[in-house]
1. Tell me whether region 179-200 contains one or more residues that are at pLDDT 95 or above, of a type outside the set (A, V, I, L, M, F, W, C) and at positive phi.
2. Go through the residues of region 190-200 one by one and say whether even a single one is closer than 18 Å to Val124 by Cβ and in a loop (DSSP other than H, G, I, E, B).
3. Which count do you get for residues in region 140-163 that are under 15 Å from Leu109 (Cβ atoms) and either loosely packed, with under 12 Cβ neighbours inside 10 Å or not hydrophobic (A, V, I, L, M, F, W, C) (or both)?
4. Of all residues in region 201-231, how many are among the charged types (D, E, K, R) and in contact (Cβ under 8 Å) with a residue 40 or more places away in the chain?
5. Give Ala231, Ala221 a once-over and let me know the one that is part of a helix (DSSP H, G or I), over 23 Å from Arg61 (Cα atoms) and over 17 Å from the mean Cα position of the chain (by Cα).
6. For region 183-194, does any single residue satisfy the condition of being in contact with a His (Cβ under 8 Å, 6 or more places away or on another chain) and under 22 Å from Glu54 (Cα atoms)?
7. List, please: which pairs have Cβ atoms under 6 Å, are six or more places apart or on different chains, and start with a residue in region 242-265 that is closer than 14 Å to Phe160 by Cβ and loosely packed, with under 13 Cβ neighbours inside 10 Å and end with one that is at pLDDT 95 or above and not hydroxyl-bearing (Ser, Thr, Tyr)?
8. Evaluate region 101-120: report whether one residue or more is touching a Cys at 6+ places or on another chain (Cβ under 7 Å), of a type outside the set (A, V, I, L, M, F, W, C) and buried (at least 20 other Cβ atoms within 10 Å of the Cβ).
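The values are calculated or read from the model by the stated rules, or taken from the named source; none is laboratory data. These numbers were taken from a predicted model, which means no experiment stands behind them. Methodologically, a virtual Cβ is constructed for each residue, glycine included, from the backbone with ideal geometry; neighbour enumeration extends over all protein chains shown.
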Amino acid sequence: MSPTSEENHISRITWVEYDRRVSEDNPVVIVPVASTEQHGPHTPLGCDAIVGAEIADEVGRRTGALIAPQIAYGYKSQPRTGGGNHFPGNICIDAETLSCLVNDIAQSLAAHGVRKICFLSSHVENQWFLIEGVQDALAALDAAGINDMRIACMSYYEFFSPEVRDAVFGDKFISWEVEHGAVMTTSILLHRRPEVVDRDAIPEHDPVLPLPYDIYPFDPARGTQSGALSASTIASAENGKLFFDEVTGRLCEALIQEFDLRSGGPA
């Protein structure tokens with residue numbers, strides 16, 4: 001039987017229980033990596049953190065993975081993918097800071113026996129700096145004689161199928177590029193955390209279509225004014241359940257496959 005959600009969180013168990021779980025179960029440790037960034041006028045600055053935590057919690061419950069404390073800050077919001085770092089309330093970190101955090105966390109986990117780690121991102125701009133941190137950690141661990149690590153970098157929003165996309169959007173889908181602060185995250189929040197969504201403030205403007213290039217310094221007048229890249233008018237708890245069930249199911253499948261959980265893990 002999988003542990004309860006509370007028992008999966010490293011921050012909520014004792015060091016004695018943690019040591020036992022790591023030594024006996026050889027679990028995957030999921031490290032959620034998010035951002036503090038605007039997602040329109042209707043959802044909080046912690047949108048990525050809330051969605052990422054809900055997904056990690058469910059995946060941990062279903063697979064027996066341990067959940068590490070979340071990295072709640074991400075790399076700088078970009079106009080094409082997140083609206084831009086000029087929005088008040090965005091708290092962003094440099095690429096080196098993020099990669100160093102990932103490196104340090106991976107090495108700390110490995111030092112106490114963890115050999116399976118998944119950095120699970122909910123913020124597009126984090127991707128390359130997670131990889132940098134993982135590669136640096138693996139090099140350092142290998143030099144220290146720890147060469148049996150396996151580390152995954154996954155972004156939950158890359159696990160949606162065309163079937164779920166079509167079920168939600170029909171023929172009105174534009175692209176995932178303009179989904180920042182829009183239907184997908186709003187729907188998941190309506191499904192899992194409806195109290196954080198201001199339904200009266202859901203934006204209805206046309207999509208802010210990205211150019212195929214970037215100009216710096218960026219002129220905020222050329223980007224989204226709401227903080228979302230497209231409207232959330234079709235967002236619903238029902239659509240959120242479709243998104244949530246698919247992404248958690250497919251993430252579980254990926255962890256089972258990549259970390260051999262059927263034969264050697266707690267799942």
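1. So far as region 179-200 goes, yes, one or more of its residues are at pLDDT 95 or above, of a type outside the set (A, V, I, L, M, F, W, C) and at positive phi.
2. no
3. The number of residues fulfilling the criteria is 3.
4. Residues of region 201-231 that are among the charged types (D, E, K, R), as a first pass: 204, 206, 214, 219, 222.
Then keep just the ones that are in contact (Cβ under 8 Å) with a residue 40 or more places away in the chain; that gives 214, 222.
Going through region 201-231 one residue at a time, the tally reaches 2.
5. Ala221
6. Checked region 183-194: at least one residue is in contact with a His (Cβ under 8 Å, 6 or more places away or on another chain) and under 22 Å from Glu54 (Cα atoms).
7. none
8. For region 101-120, residues touching a Cys at 6+ places or on another chain (Cβ under 7 Å), of a type outside the set (A, V, I, L, M, F, W, C) and buried (at least 20 other Cβ atoms within 10 Å of the Cβ): absent.
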